[in-house]
Amino acid sequence: METKTLKKEVANTDKTIRISGAEAVIRSLLEEGVDLIYGYPGGAIMPIYDELYKFQDKLHHVLTRHEQGAAHAAQGYARVSGRIGVAMATSGPGATNLVTGIADAQIDSTPMVCITGQVARHLLGSDAFQETDIVGISTPVTKWSYQITNASEIPEVIAKAFYISKSGRPGPVLIDITKNAQFEEFDFCYKKCNGIRSYKPVPVVNKEKLQEAASIINSAKKPFIVFGQGVILGNAEEELKTFIEKTGIPAAWTILGLSALPTDHPLNVGMVGMHGNYAPNLLTNECDVLIALGMRFDDRVTGDLNTYAKQAKVLHFEIDPAEIDKNVKTEVAILGNVKESLAQIIPLVNEKKHESWHEEFKKKRDIEFEKVIKKDLYPEKEGLTMGEVLKEINNATGDDAIIVSDVGQHQMFACRYAKFKRSKSNVTSGGLGTMGFALPASIGAKMGAPDREVVAVIGDGGYQMTIQELGTIFQTKVPVKIVVLNNNFLGMVRQWQQLFFDKRYASTELTNPDFITIAKGYHIKAKQVKKREELVNAVNEMIASKEAYFLEVCVEKEDNVFPMIPTGSSVSDIRLS
Amino acid sequence: MEEKKTFTISVYSENNVGLLNRISGIFLKRHINIESLNVSSSEIDHVSRFVIVIYATEDWTKRIVKQIEKQIEVIKAFYHTDEETIYQETALFKIESHLLFDERQIQNIIKESNSQIVTVSRNFFVISKSGRRNEIEELYDQLKPYGIMQFVRSARISVSKEEMQISTMLKQFQEQE
Ligand SMILES: Cc1ncc(C[n+]2csc(CCOP(=O)(O)OP(=O)(O)O)c2C)c(N)n1
């Protein structure tokens, strides 16, 4: 990094102190306001851990049981707090174990800074003990990555990392620091980064485009909004609410947009996508104007692009220019932070009600209720459903918990049925669909929002991918509530096998251990529920617990999640059974 | 399907280690073959310029350019068709020395093709030729019958006919600071 610009970025600091690179890492993190790190030590990062020991009153380190756990915990922390999550690992296997979490953070735009140790500079490229090219490995899944080989680079690179991670469309950044750089002494001074000449994080909102968009919205007969995580990342919840209330436009959310608008808001019409609601999916192909706010037309949302919203004029509000026209051609693209662009368009749009258009949503919602929701939430058959567990969690928490879900059927049930009053309350692995995400992410979520109830909803499959993090929960005493919905199957895959592979259940049945004993082995209170009569009390007891609590609910083995848009099908072909 | 064409992508970037990996990854992910790649310094101090030639549809080229621009160290990326650029490649031909004297025709070929003799030694001589791809190919075909000991062709370098406003952009940034 021998460019002139970087030199200039730190030029005007005044105070310097002579310290080691390792201490510089800690001091830089403190300068960025970090007080919590997740990680796992090892040879190549020991100097930094040694400094952590000295600074432990200022910088709290949580030892997870696996580096993947550290990365997911940092993500959970970032997603609920809006701050940057920090994860740390040693070189080689430590670093590669972070990669799943990094990839997950990249696709879900989660701000995260990962620090990895690396072998000493003179050993680089020699296949030294625990050497891996983590910068090379992580390049395609980071927003930025950089290897530091001498101590003097540490402050400016860390400052840059924090700036890049959080600004514009957020994402993970990885900094790899060779061991010699951790030992070397240099004159440390710190200056925050607030600009990089080659990087324009937020495009400027174009006033003419806003006018154009406003006039299209004002003349629309059946306008429809789909909002995504951009609203949450941009802190644009209030603007979203004002905008839809003024224009009367029905608004649906993507899985990562969930909780940006309260569930019971009258203009909230549900979730779009593969397992989204019937009305918003179907009516995507009937609206005349489709307003996309901070969402990226993921293929799980659009289904077959050739048949997606072809009749509609698409207005795309987006911070990342590379998303414009990537999947869906727009009529008007409004680049910028959605908070700013919404604030500017609100005065330009007319007050409307769109009553008959809302009626269409209501009719379709009633159909979905009869055919799907009733069975999920008020089942008459004996086996417990995932939906009713979610309903009881809502009841016990007054619709105000942070729900962290893993990946599979239970995730779709959680997103469909969990109710939210506040933003940043839904934490799930959307873009990567990473099983094993929820348990460690719930640890981070609870630490990022200690005053809130955090409930992890996990399948029996995904739970066993990071089950060792029960050890982290035990050691840190973080009071998360863990609900495993046990169907003795890799349920979502089994559902596909049932529907598309003639019920050939290849390797999806799980013979599970005694989860209660395992939880108790980690000294975590635990209970198992098999019958409907026991459910309400068990959920209430769990929520009332001041400590961590594990609840296993044995649910119907072969339930399916509907509605469903099979991969590659049109949103109009959404199936109710 | 939109028709495929040759596009020249120009990327102005900070001169940082690792950027080539990031940029080539963007093509790799989409299974787009890089026909030619050249990295050099540009008209601006400390700013590198990549010249990348691909054969793709304009739609894909546009998307790729956006992805490239998204990389932190990239200052700006542009794409142009062949008609919109002045471009050249350079080739070197190594040929046995005695042919230069034994085969009169070779001297004519060198003259007519506007190529240059770079060096002559006891065993071989080297001709260099700069020009468009077809001109180099033509020369290759002419020399082939006499025996070419070694042949190498460089990546494409190109400048656009119209201005790329990169300097103004950088100036603006400097003023903002
Ligand atoms: C790391 C990882 N491996 C595989 C998959 C593919 N996959 C998606 S859902 C699923 C089944 C999940 O089963 P379980 O955790 O029991 O939850 P359920 O669907 O039964 O609710 C699998 C295997 C994945 N998403 N992530």
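The values are calculated or read from the model by the stated rules, or taken from the named source; none is laboratory data. None of the values given here were measured: they were computed from a predicted structure. When we count neighbours, we look across all protein chains shown, and the Cβ atoms used for this are built from the backbone with ideal geometry, even at glycine. Each accessible area value is taken on the protein alone, full model and side chains, heavy atoms only, with ligands, DNA and RNA left out. Shrake-Rupley method; radii C 1.70, N 1.55, O 1.52, S 1.80 Å.
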Legend entry - Some residue of segment A:428-435 being free of Cβ contacts under 8 Å to residues at least 60 places away in the same chain and either within 16 Å of the ligand (Cβ to nearest atom) or within 14 Å of another protein chain (Cβ to nearest Cβ) (or both): yes
Legend entry - Conditions (1) crowded, with 22+ Cβ neighbours inside 10 Å; (2) in contact with a strand residue (DSSP E or B) (Cβ under 6 Å, 6 or more places away or on another chain): number failed by A:G430: (2)
Inset, instruction - Looking for whichever is at positive phi, more than 16 Å from the chain's Cα centre (by Cα) and either open to solvent by less than 10 Å² (accessible area, probe 1.4 Å) or more than 11 Å from chain A (Cβ to nearest Cβ) (or both) here; the options are B:H98, B:H31. Which one fits? - result: B:H31
Inset, instruction - With respect to A:Y49, determine if the residue is open to solvent by less than 20 Å² (accessible area, probe 1.4 Å) and aromatic (F, W, Y). - result: no
Legend entry - Check on A:F500, open to solvent by 40 Å² or more (accessible area, probe 1.4 Å), more than 19 Å from A:R65 (Cβ to Cβ) and either at pLDDT below 95 or within 16 Å of the ligand (Cβ to nearest atom) (or both): yes
Inset, instruction - Go through the residues of segment A:331-338 one by one and say whether even a single one is within 18 Å of A:P223 (Cβ to Cβ), in contact (Cβ under 8 Å) with a residue 24 or more places away in the chain and within 14 Å of chain B (Cβ to nearest Cβ). - result: yes
Legend entry - Matching residues, segment A:408-421, being farther than 16 Å from A:L551 by Cα and within 16 Å of the ligand (Cβ to nearest atom): A:G408, A:Q409, A:Q411, A:M412, A:F413, A:C415, A:R416, A:Y417, A:A418
Inset, instruction - Find the residue count for segment A:436-453, including only residues that are under 17 Å from A:V484 (Cα atoms), part of a loop (DSSP other than H, G, I, E, B) and either more than 13 Å from the ligand (Cβ to nearest atom) or at pLDDT below 95 (or both). - result: 1
Legend entry - Scope segment B:141-177; condition open to solvent by 50 Å² or more (accessible area, probe 1.4 Å), of a type outside the set (S, T, Y), within 14 Å of another protein chain (Cβ to nearest Cβ) and within 15 Å of B:Y12 (Cα to Cα); matching residues: B:M169, B:K171
Inset, instruction - Taking the residues in segment A:454-471 that are buried (at least 24 other Cβ atoms within 10 Å of the Cβ) and β-branched (V, I, T) as candidates, determine which candidate is nearest to the ligand (Cβ to nearest atom). - result: A:I458
Inset, instruction - Go through the residues of segment B:124-131 one by one and say whether even a single one is away from every other protein chain (no Cβ under 14 Å) and touching a residue at least 40 places away in the same chain (Cβ under 8 Å). - result: yes
Legend entry - Criterion (within 16 Å of the ligand (Cβ to nearest atom) and away from chain B (no Cβ under 14 Å)) met by exactly one of A:E547, A:E556: A:E556
Inset, instruction - May I ask you to say which residue of A:S405, A:S425 is more than 16 Å from the ligand (Cβ to nearest atom) and either in contact with a strand residue (DSSP E or B) (Cβ under 7 Å, 6 or more places away or on another chain) or within 14 Å of chain B (Cβ to nearest Cβ) (or both)? - result: A:S425
Inset, instruction - Being open to solvent by 10 Å² or more (accessible area, probe 1.4 Å) and part of a strand (DSSP E or B) is the filter here, so list the residues in segment B:54-88 that pass it. - result: B:Y55, B:I75, B:K76, B:F78, B:Y79, B:H80, B:T81, B:I86, B:Y87, B:Q88
Legend entry - Single residue of segment B:36-76 satisfying the filter (without any contact (Cβ under 8 Å) to a residue 40 or more places away in the chain and charged (D, E, K, R)) that is farthest from the other protein chains (Cβ to nearest Cβ): B:R49
Inset, instruction - Residue by residue through segment B:113-130, note down the ones that are out of contact with any helix residue (DSSP H, G or I) (no Cβ under 9 Å at 6 or more places or on another chain) and open to solvent by 50 Å² or more (accessible area, probe 1.4 Å). - result: B:V118, B:T119
Inset, instruction - Report, ordered by the first and then the second residue, all pairs with beta carbons closer than 7 Å, sequence separation of six or more or different chains, a first member in segment A:490-519 that is more than 14 Å from chain B (Cβ to nearest Cβ), and a second member that is away from the ligand (no atom under 13 Å from the Cβ) and open to solvent by 60 Å² or more (accessible area, probe 1.4 Å). - result: A:Q497/A:K503; A:Q497/A:R504; A:I516/A:Q528
Legend entry - Lone qualifier among A:V493, A:V484 - being within 22 Å of A:E388 (Cβ to Cβ) and either assigned to a loop (DSSP other than H, G, I, E, B) or within 16 Å of the ligand (Cβ to nearest atom) (or both): A:V484
Inset, instruction - Can you confirm whether segment A:161-168 contains a residue that is on the phi > 0 side of the Ramachandran plot and open to solvent by less than 60 Å² (accessible area, probe 1.4 Å)? - result: yes
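Here is a yes/no grid of residues against (1) more than 23 Å from A:S145 (Cα to Cα); (2) acidic (D, E); (3) modelled with pLDDT of 95 or more:
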residue: B:E3; (1), (2), (3): yes, yes, no
residue: B:V17; (1), (2), (3): no, no, no
residue: B:H46; (1), (2), (3): no, no, no
residue: B:I54; (1), (2), (3): yes, no, yes
residue: B:T57; (1), (2), (3): yes, no, yes
residue: B:Q67; (1), (2), (3): no, no, yes
residue: B:Y79; (1), (2), (3): yes, no, yes
residue: B:Y87; (1), (2), (3): yes, no, yes
residue: B:R104; (1), (2), (3): yes, no, no
Legend entry - Top-ranked residue of segment A:304-323 - restricted to ones that are crowded, with 20+ Cβ neighbours inside 10 Å and β-branched (V, I, T), ranked as farthest from the other protein chains (Cβ to nearest Cβ): A:V314
Inset, instruction - Inspect segment A:396-404 for any residue being open to solvent by 10 Å² or more (accessible area, probe 1.4 Å), in a helix (DSSP H, G or I) and more than 20 Å from A:N281 (Cβ to Cβ) and give the result as yes or no. - result: yes
Legend entry - Filter result (within 27 Å of A:A438 (Cβ to Cβ), over 20 Å from the mean Cα position of the chain (by Cα) and polar (S, T, N, Q)) within segment A:78-128: A:T90, A:T96, A:T116
Legend entry - Residue tally, condition within 16 Å of the ligand (Cβ to nearest atom) and surrounded by fewer than 21 Cβ atoms within 10 Å (Cβ to Cβ), over segment A:371-387: 2
